[in-house]
1. For B:145, C:17, B:93, what ranking results if the residue with the fewest other Cβ atoms within 10 Å of its Cβ goes first?
2. Need one value for C:16-27: mean number of C-beta atoms belonging to other chains within 10 Å of its residues' C-beta atoms.
3. Partner chain Cβ atoms within 10 Å, averaged over the residues of A:16-23 - can you pull that number for me?
4. Does anyone have the angle between helix B:231-246 and the longest principal axis of chain B? Alpha-carbon axes, 0 to 90°, nearest 10?
5. Mind telling me which of A:81, A:44, A:33 comes out most flexible in a GNM of chain A, alpha-carbon contacts under 10 Å?
6. With no solvent and one equal point scatterer per Cα, compute the Debye intensity ratio I(q)/I(0) for segment A:26-108 at 0.11, 0.15 Å⁻¹ and report its log10, rounded to two decimals.
7. Radius of gyration and Dmax for the protein assembly as shown's Cα atoms, expressed in Å?
8. Name the residue, out of B:47, B:227, B:91, whose mean-square fluctuation peaks in a Gaussian network model built on chain B with Cα pairs under 10 Å.
């Protein structure tokens, strides 16, 4: 049951992302006051186990969530279906995962 | 509901001035065709099906359309009326007309045979392929089915479907996904999943799992359903069960 | 004939696609953080009021997708409620509020 499993993965990742996005939005609104600087951002994140875990989990969940969503849109609106689409979306997820983990490593 | 304001048109005879409806009907075979205009006398309590019947009997006998019971039981007279799928035998012209104009076309999402008659085969083939029918378990349920138990209530909520395909025509997910079984089939699967007398709950939920996630909760089906069912809510129930099963759970909703 | 839930779906889908496109870019920029000067050059660019406005747009997109997603989870996993329109209004209202909050913080 590939479709049922993808559906479940999409909803589970959404449930994981919801509180993380809320936290991220709060942080954005807090941090943007007085302008952003690399020092300010890195002072918050460097060596922090908490932010490492938050953003690591965020990247993981987003790398699951975004490709499944995009797969639905491309199937319904662009009529792109089948193995080609599945492979492309898996690659998209891996790219997101790699770029995301690289970003987390950079700010830690 | 807006009341229609029939336009007064001189008909060229000496009798009383009759209120006439401006009716446009889709005429054509297969994929091609065009809208054709007809003037139909407006009458009190006239239904859209009455209008179509008037055109066929008095203006153009070659008009193809489908109906049977005329009282909202059989589900065979569904058409697109001013852009909305409706059961025409129970839709008054006064409900559907805009400024005395009525545009009547075939149902969406199904191939047109001719004029207002669509080929319902894809609709019923999906129904058959999903196995959306009662499977006798061969033995009575261990406990008697009470009319007020949660599962029976959930099943009853979706039981009055007349297979008219109005929801199927209203649904964008049907238009976007050739594999999507559509609201009516999934609604039926949900009633079966809640029917304790049914012998193939797992089979029904497996069938639902192949398609129910394609519902985007537009709720156009619930909005259009002539008998007031809510397939979106039924499909949400299926999604919950499919989700639970995908994660390894096997519990039956409403029961421990 | 399209009603509230259909438009809520459309906003959710469009914001999701936009975020899926933005996310790799966001990760790429954050990856620059290994070299502070490079990240600061990007952050200086974001001091431009037009860029801030665009960022407010991103905040609204993220907030829309969050509240819209919570709405979908509630619709699918909660008890059915006939108050779908009010939920859509709340979801949209909260997302706009997040956007205004960002603007207020960014230009304070």
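1. B:145, C:17, B:93
2. For this peptide, the per-residue mean of nearby foreign Cβ atoms is 5.
3. Taking the mean over all residues of the peptide, I get 3.
4. Computed tilt is about 30 degrees.
5. Largest GNM mean-square fluctuation: A:33.
6. -0.43, -0.67
7. 27.3, 95
8. B:227
Read the figures in this text as sums done on the coordinates, not as results from a lab. Bear in mind that the values here come from a model prediction, so they are computed numbers and not experimental data. Heads up, the Cβs are rebuilt from the backbone with ideal geometry, glycines too, and the neighbour counts pull from every protein chain shown.
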